[in-house]
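Below: the structure, in structure tokens.
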Amino acid sequence: MIKFTYRYKIKPTKQLFKQFDQYLDICRSVYNYGHSERKAWLESRKSKIDRCSIVSEYIIAADAAFPSYKNQAKALTEAKKKFPHLKLVNAQCLQQVLKRLDKAWTDFFKVPERGFPRFRSKNRFRSFIFPQLGKNCLDIGRVKLPSIGWIGIRQSRDYPTGFTPKQFQIVRRATGYHLMIVFQSSEVVPEPIPGKISLGLDAGIKSFVATSFEELIKSPKFLRSKLRKLKLLQRRLKKKTKGSNNWLKLQNKIAKFNEKVANTRRDWLFKLAHYLCEQADNIFVEDINFKSWSRGLFALSSLDSGIGGFINEILPFVCWKRGRFYLKVDKNFTSQECSNCGQRTGKKTLNQRLHICQFCNHTESRDTNSAKIIMQRGQRAVGHTVQEKRDNAVLDGAFKHLNLVQVSAPWLSPMSDCRKKACRDGLTGA
Ligand SMILES: [Zn+2]
């Protein structure tokens, strides 16, 4: 089964957006009420049955059942009689809200590090879902939402053929409302099998990625170059009264700015993924926990470039889409081994950018060396013999670069172009 998510911008009309705002408000109130119910139940069970809590708490009967999804969904149907405004929202949308709450709770008990679920403010509640759609709900330039009717969208790309729409999600962003459509096909696509040409990738600090074809691809640094403008805006925000009209306007401006940067970055990453996929049949990367990475020393540079999302989400998706084999290999000692003779050359400090082997005198950029090690490990993993020299080069002269020459690749198009093509690929997430 294949699933795609396509994103479209909804054509703004005052009345429609007002309706969406109302939807969000009602959904949020249901979420928060459900959360308070669960929380009260949990807290009433804190102290032993013959004691009282020092802090005041609701007293809930000992035999009262936990407000689970099932119980809450039942209560919701009852509540609609009492509070008719709940009927303004599609019934399935509200059920989805309760499901979302249920998921937040079960996730917390499974992985406590995620944090206890919290009440949602307007800023933390931005979307609602239509889980079931009517027949023929797609048309060129418009879609039909259950219980709302036809709405106009900006048809930035065609709907995929051979897929059925399964779910609509309306998301509020700084630039307005967006529609996410989940397309599904029951066809079974075989997983890509390893091919002939292999490419190893090493995520670097100085360069965004280094390839085993001796190419160092520069980090885009979108945010950093725009940081000055962002700082200026944030400084101005400080001077405004919190919650005032001007404060809100500026806040919105900052949000739009951030969204633009995110779109540009995403577009760049997708182009990079396609560019890499053009070069090889197998793509090997190292298995790094980027979350802990971005918290540490490399916080700004690694978050700015979005390397984690690239290696873990975008690249595997593009590889799958284009039938390339993708594999993560062991990350240990990639910077210490020599790609020429395979010996361990010992630890390198961070500012040591060159790999110089004391056994075979092989000299190479540190990142490219690691990329080659990753490629060799990947080849071993899929049962290929390791190629000593790169006899598999498919690159033309333009991409054969010497060590330590940083290149900016030709697909790096100017900003205006990036903006136009942003979010062209069907992958969810910001
Ligand atoms: Zn060596």
- Query: Which one of these is surrounded by 15 or more Cβ atoms within 10 Å (Cβ to Cβ) and modelled with pLDDT of 85 or more: Gly306, Gly323, Gly378?
  - Reply: Gly378
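Which residue is farthest from the ligand (Cβ to nearest atom), if the candidates are limited to the stretch 327-347 and must be surrounded by 16 or more Cβ atoms within 10 Å (Cβ to Cβ) and assigned to a loop (DSSP other than H, G, I, E, B)?
Filtering the stretch 327-347 for residues surrounded by 16 or more Cβ atoms within 10 Å (Cβ to Cβ) gives 327-329, 331, 334-340, 345.
So of that shortlist, the ones also assigned to a loop (DSSP other than H, G, I, E, B) come out as 331, 334-336, 338-340, 345.
On the way: Lys331: 20, Thr334: 14, Ser335: 14, Gln336: 11, Cys338: 3, Ser339: 8, Asn340: 4, Thr345: 7 Å.
Checked the stretch 327-347; the qualifying residue farthest from the ligand (Cβ to nearest atom) is Lys331.
For the stretch 107-145, give me each residue that is within 29 Å of Ser36 (Cα to Cα) and assigned to a loop (DSSP other than H, G, I, E, B).
Quick first cut of the stretch 107-145, residues within 29 Å of Ser36 (Cα to Cα) only: 107-132.
Val111, Gly115, Phe116, Pro117, Arg118, Phe119, Arg120, Ser121, Phe125, Arg126, Pro131, Gln132, listed by residue number.
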- Pairs, first in the same structural domain as Val171 (by TED's automatic domain parsing) in the stretch 129-141, second loosely packed, with under 12 Cβ neighbours inside 10 Å and at pLDDT 90 or above, C-beta under 6 Å, six or more apart: none
- Query: Within the stretch 350-363, which residues are more than 9 Å from the ligand (Cβ to nearest atom) and closer than 17 Å to Asp202 by Cα?
  - Reply: Leu350, Asn351, Gln352, Arg353, Leu354
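Can you confirm whether Lys74 is farther than 30 Å from Asp158 by Cα and either modelled with pLDDT of 95 or more or surrounded by fewer than 17 Cβ atoms within 10 Å (Cβ to Cβ) (or both)?
Numbers: farther than 30 Å from Asp158 by Cα: yes; either modelled with pLDDT of 95 or more or surrounded by fewer than 17 Cβ atoms within 10 Å (Cβ to Cβ) (or both): yes.
When the stated conditions are applied, Lys74 passes them.
The values are calculated or read from the model by the stated rules, or taken from the named source; none is laboratory data. Quick caveat: nothing in here was measured; it's all calculated off a predicted structure. Neighbour counts run over all protein chains shown; Cβ positions are idealised from the backbone, glycine included.
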